[in-house]
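Novice: Please read through the structure below; I'll follow up with questions.
The values are calculated or read from the model by the stated rules, or taken from the named source; none is laboratory data. Since we're looking at a predicted model, the values are computed, not measured. As a convention, Cβ positions derive from the backbone with ideal geometry for all residues, glycine included, and neighbour counts pool all protein chains shown. All accessible areas refer to the heavy atoms of the entire protein, side chains included, with ligands and DNA or RNA removed. Shrake-Rupley method; radii C 1.70, N 1.55, O 1.52, S 1.80 Å.
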Amino acid sequence: MTGMEFIARVFPYLALGLFVLGTAWRFLRWRSLPAHLKWTLYPFPKGTAGQLKYMAGEIFTFGTIYRFNRRLWIGAYVLHMAMGGFVLFSILYLAGWLPGTAVRIILWILLAAPVYLVALRSFNKYLRAVTTPEEFFNLIFLAAFAVAGLAASPSAMSPRAYFVGLMLMRPDAASLPPELVPAILLGGLFLIYLPWSRMIHYISKYFAYHAIKWQKN
Amino acid sequence: MLHPPLDQQPIDPAYPFRSESPLSREERKARFLGALKGILELDLYDRPLKMYLDTCARCNNCAGQCPVFQATGDVHDLPAWRSDLLRRVYRRYFTPSGRLLGRLVGAKKLTAGDIDAMVEAFYRCTMCRRCAVHCPLAVDNALITRIGRVLLAEIGFVPKNITVSVAAQLAKGGNTSSIPPAAFIDTLDFLEEELVDETGINIPIPRDVEGAEYFFAAPVSDYIMEADTLMGIARVFHAAGASWTVGTENYDAINYGLFYSDDKLEEILNRLLAEVRRLKCGTLVIGECGHATKAALLFHKVFGRSEYRDIRIESILQVTRRFLAEGKISFAASKDQGSVTYHDPCNLGRGLGLYEEPRELLAAAGIEVVEMQPNREMNLCCGGGGGLVVAPDLHDWRMSVGGLLKAEQLRATGAKTVVAPCANCKKQLRELVQHHNIDMEVAGLHDLVGRALTREEKA
Amino acid sequence: MPTIELAGKTYEVDEDGFLEDLDKWNEEFAQAYASTEDIQGTLTEEHWKLIHYLRNYFQQFGIAPMIRKVCKDNGIDMKKLYELFPTGPAKGACKLAGLSKPTGCV
Ligand code: SF4
Ligand code: SF4
């Protein structure tokens, strides 16, 4: 198997697989931990409905940061929505329901948001004091992915055929436009890295709220 | 542009609190890491601690809520910066990514200088948990502070005054204020006389009554400082016709172990429970004290010896509120108390959810409360939490930093009296109003509640 | 053990300046300490009455009495107590009386 074939036919599945496994491992590990000290913070939303409502509000609006840290919120909110948006738009594009331009716009946003956040974290005295190289690394990682995606997108060759093949479990190295390779590599590496970085908060948040902050007796 | 802010060392040269460890600087590091390893293996802290150490978005939402940071604006008072002192060590020695990637993921080798920084930083946090209310990831910096202090205690760093009080408490028949039993009994006699003077009837403070339903333990400093609170509580028990007692072999609910040591917490708690058991009482009632109530309620099932697990533990706020609900006590038409505001002690509010009980009692007693802004879960710490109020050397810091926002908040209410059902808060608030020239009385909850009781007790 | 020199004599005190040994106390000690506890000039009759009261109680019980008891037994109110000892009964009055430092939430 050539390197190109590996990248085209194995790597995407490997990355996704490791992402799912990594996430599952961390989820199960946290879930399996023994009963801990009760460290509830009062008051908390009553009932499952109330808690879900709070969570949904928090996830879709970043309400707490919006209220207390508006300048960071702009960047953080846009960044997270762009990440979700990228996945969604890509699927819609592959399904033929959205033009490639839509994906390109999202990628521009996915580039702009990290750049803004790097700047904010560099120039705001207080954010700088709590920002570690990891934050910058994560942001630059995302920005690099966006750049790679943008660099690939104006290509003459449509990536649609390749991705559709990938989704139907019939990956075809020949249909992979070469300009797309950096984006595939970066995207895959990001997926592999994600569960082990502190961006694992997409899982930890659940426990931190439901199992600790809102724990009943 | 990469900034390595973690290299900045604290701290405020004017900060008066210093603690000296008997260990050499080299020994400190090794023992610190050993202790951290031990704590990470404990079920007790496993999930919350690792989660808080693993995930922080570094958004500084916490900073906007922290009264200490708000007062100083110093980067070293950023809650996330403080927590990072521990986080970076955890990362370096206990996570694969930190071992592998080091500084890139914010991991850092422990130095003796880092430990010095922690001693100050973890004693500049009052563990009020205000910062946890609006953390998007539900990280609780106060728990990290607590664990940080536990680790520091392992290598000998504990504020002098706390060690002195705890040693006094753990001596035979001792207590944190070193009140000998004879003085304790003399004080009870005095309080009974005062109760006769005030009410015209005999209201006993029963001692060593075997089989009483309620065993009452106040923060022992109340027997020096808070006559009105104790008298109010005696009046409530009496009016409700409850069977209650104090114990003459252990009468101190204070548990400074909460602030720095699980071992001490456990020992102090079990000694108190042993006294409850000696007198065969069913319920341990903790007086007006936030940290003591939280220490007992939260750690009872964890650290209480198994033979003591059946003892019920309640705050006096819950007991009095229940007496009211059951119609066992009632209040006379309001006497004019002047305007009253209510301070939510952090450990009773955020820590235990006792927000409405005191307010309902005050309302029932016909006392209108002018609320502080903000209040309840967003109330500001008095500035003396986390045991800092015990240290006289921290007095100036507590006045000008820890309690600065609180003082402004008190003044803004324009109230004549601030009610705080917590010995720790009351001490700090009294010093605050004096220091900041605020014309305000500081009182306990039962001071007012006791005086408002109807006189059916006369019968 | 820290020491302090007052009016030409040396006393053993704790790090907050509280006398280590109740019996080493004398009136010059109290008078010499007054200014550090925000008391102007010479101690008055009222000061001395309180100081001796505190010492007596301490000798008998090993601790200072409840503040309310101090006021009651001496016929003064809290305000007056703070006027006499501006740094507070627990700190100022006990210190001048040569009692050991009150600990805990006092
Ligand atoms: S609010 Fe929470 S996530 Fe944000 S910096 Fe503070 S502790 Fe970290
Ligand atoms: S617990 Fe309180 S004092 Fe400590 S960091 Fe949080 S808000 Fe600040």
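Novice: What is the local net charge at A:LEU79, summed over the other residues whose Cβ is closer than 13 Å to its Cβ (Lys, Arg +1; Asp, Glu -1)?
Specialist: 0
Novice: Quick one: if you stick a label point 7 Å off each Cα along the C-beta vector at A:ILE59 and C:HIS52, how many nm between them?
Specialist: Those two pseudo-labels are separated by 7.7 nm.
Novice: Cα axis of helix B:79-94 to longest principal axis of chain B: angle in degrees, 0 to 90, nearest 10?
Specialist: 60 degrees
Novice: Turning to a different aspect of this structure: Along the charge dipole of the stretch B:340-452, pointing to its positive end and built from +1/-1 on Cβ of Lys, Arg, Asp and Glu, which listed residue (B:MET372, B:ALA407, B:LEU354) has its Cα farthest out?
Specialist: B:ALA407
Novice: DSSP H helices in chain A with Cα extent of 15 Å or more along the helix axis and mean Kyte-Doolittle hydropathy at least -0.5?
Specialist: Correct list, ordered by number: A:11-32, A:47-61, A:70-94, A:100-123, A:133-152, A:181-193.
Novice: How much accessible surface area, in Å² rounded to 10, belongs to the heavy atoms of C:THR42 with a 1.4 Å probe?
Specialist: 110 Å²
Novice: Across the Cα atoms of the stretch B:220-345, what radius of gyration and what greatest pairwise Cα-Cα distance (Dmax) are found, in Å?
Specialist: Calculated on Cα positions, Rg and Dmax stand at 15.7, 48 Å.
Novice: Here is a follow-up. For the stretch B:132-263, count the residues as N, evaluate 2.2 N^0.38 Å, and divide the Cα radius of gyration by that value, please.
Specialist: Against the compact-globule rule of thumb, the ratio is 1.33.
Novice: As I understand it, the value is the acute angle between the Cα axis of helix B:290-303 and the longest principal axis of the Cα atoms of chain B; what does it come to in degrees, rounded to 10?
Specialist: Result, in degrees: 70.
Novice: Right, here's the next one. Calculate the dipole size of the protein assembly as shown relative to its Cα centre from +1 charges on Lys and Arg beta carbons and -1 charges on Asp and Glu beta carbons; express the result in debye to the nearest 20.
Specialist: Result for the protein assembly as shown is approximately 3900 debye, rounded to the nearest 20.
Novice: Determine the alpha carbon to alpha carbon distance for each of B:LYS406/C:LYS95; A:LYS38/B:LYS280; B:LYS416/C:LYS72; B:LYS294/B:LYS406; C:LYS72/C:LYS101; B:LYS172/B:LYS328 and list only those over 32 Å.
Specialist: Distance filter (> 32 Å) returns B:LYS172/B:LYS328.
Novice: Averaged over B:57-66, how many beta carbons belonging to a partner chain fall within 10 Å of each residue's beta carbon?
Specialist: Partner Cβ neighbours, averaged per residue: 6.
Novice: For the stretch A:1-47, what size does the Cα cloud have along each of its three principal axes, sorted from largest down, in whole Å?
Specialist: 58, 23, 14
Novice: Then there is this: Give me the net charge for the shell around B:ASP189: Cβ to Cβ below 14 angstrom, other residues only, Lys and Arg +1, Asp and Glu -1.
Specialist: Neighbour charge sum, excluding B:ASP189 itself: -2.
Novice: Using a basic spin-label model with each label point 7 Å from the Cα along Cα→Cβ, how many nm lie between A:ARG160 and B:LEU100?
Specialist: 3.9 nm
Novice: Please name whichever of A:ALA8, A:LEU21, A:TRP39 sits farthest to the positive end of the charge dipole of the stretch A:1-54, dipole taken about the Cα centre and charges placed at Cβ: Lys and Arg +1, Asp and Glu -1.
Specialist: The residue sitting farthest along the positive end of the dipole is A:TRP39.
Novice: For A:ARG71, B:ARG82, what's the largest-to-smallest order of accessible area, 1.4 Å probe?
Specialist: A:ARG71, B:ARG82
Novice: A further question follows. Taking H as built 1.01 Å from N, whose amide H comes closer than 5 Å to the amide H of C:CYS105, not counting residues under 5 places away?
Specialist: Answer set, sorted by chain and number: B:SER221.
Novice: Normalising by the residue count of the stretch A:3-213, find the relative contact order in percent from Cα pairs under 8 Å and 6+ residues apart.
Specialist: Dividing the mean separation by the residue count of the stretch A:3-213 yields 33 percent.
Novice: On to the next question. Ranked by accessible surface with a 1.4 Å probe, highest first, in what order do C:MET1, A:MET81 come?
Specialist: C:MET1, A:MET81
Novice: Still on this structure: So who's got an amide H within less than 5 Å of the one on B:ILE313, skipping anything under 5 residues away but keeping other chains? H placed 1.01 Å off N, in plane.
Specialist: B:LEU284
Novice: Rounded to the nearest 10 Å², what accessible area does C:THR36 have for a 1.4 Å probe in the complete protein model?
Specialist: Its accessible surface works out to 80 Å², give or take rounding.
Novice: Could you tell me whether the stretch A:98-163 comes out rounded, prolate or oblate from its Cα gyration tensor? Rule is a ≥ b ≥ c as square roots of the eigenvalues, rounded for a/c under 1.5, then prolate if a/b exceeds b/c, otherwise oblate.
Specialist: prolate
Novice: Would you work out the Kirkwood radius for the stretch C:36-97? I mean one over the mean of 1/r across all pairs of different Cα atoms, in Å.
Specialist: About 11.5 Å for the stretch C:36-97.
Novice: For the stretch B:340-452, what is the relative contact order in percent, using Cα pairs closer than 8 Å and at least 6 residues apart in sequence?
Specialist: Relative contact order here is 31 percent.
Novice: Right, next: Quick one: what do you get for the stretch B:77-163 if you divide its Cα Rg by 2.2 N^0.38 Å?
Specialist: Relative to the 2.2 N^0.38 Å estimate, the stretch B:77-163 comes out at 1.12.
Novice: Let me ask something else about it. Rank A:LEU120, B:LEU297 by accessible area, highest first, at a 1.4 Å probe radius?
Specialist: Ranked list, largest accessible area first: B:LEU297, A:LEU120.
Novice: Using +1 at the C-beta of Lys and Arg and -1 at the C-beta of Asp and Glu, which of C:VAL13, C:MET66, C:TYR82 has the Cα lying farthest in the positive direction of the dipole of chain C?
Specialist: Positive-most Cα among the choices belongs to C:MET66.
Novice: What number do you get for chain A when its Cα radius of gyration is normalised by 2.2 N^0.38 Å, N = residues?
Specialist: My calculation over the Cα atoms of chain A gives 1.16.
Novice: Can you give me the angle between helix B:141-154 and the longest principal axis of chain B, using Cα atoms only, in degrees from 0 to 90, rounded to the nearest 10?
Specialist: It is inclined by approximately 80 degrees.
Novice: I would also like to ask the following. Which whole-number percent gives the relative contact order of chain B, counting Cα pairs below 8 Å spaced six or more residues apart?
Specialist: 16 percent
Novice: Kindly provide log₁₀ I(q)/I(0) values, in the same order as q = 0.10, 0.13 Å⁻¹, from the Debye equation applied to equal alpha-carbon scatterers of chain B.
Specialist: -0.73, -1.18
Novice: For B:ALA332 and B:GLU307 in one chain, what is 0.36 nm times their gap in residues minus the Cα-Cα distance, to one decimal in nm?
Specialist: 4.8 nm
Novice: Net charge within 14 Å of C:PRO89 by Cβ-Cβ distance, Lys/Arg positive one each and Asp/Glu negative one each, not counting C:PRO89 itself?
Specialist: Combined, the nearby Lys, Arg, Asp and Glu give +4.
Novice: Which value, in Å² and to the nearest 10, is the accessible area of B:GLU356 when all protein chains are kept and the probe is 1.4 Å?
Specialist: Accessible surface of B:GLU356 is approximately 70 Å².
Novice: Shielding by partners for B:181-190, please: the mean number of other protein chain Cβ atoms within 10 Å of each residue's Cβ.
Specialist: Mean shielding count: 4.
Novice: Could you give me the radius of gyration and the Dmax of the protein assembly as shown, taking only the C-alpha atoms into account and expressing both in angstrom?
Specialist: When restricted to the Cα atoms of the protein assembly as shown, Rg and Dmax are 30.4, 105 Å.
Novice: How big is the Kirkwood radius of the stretch B:340-452, worked out from every pair of different alpha carbons and given in Å to one decimal?
Specialist: 13.9 Å
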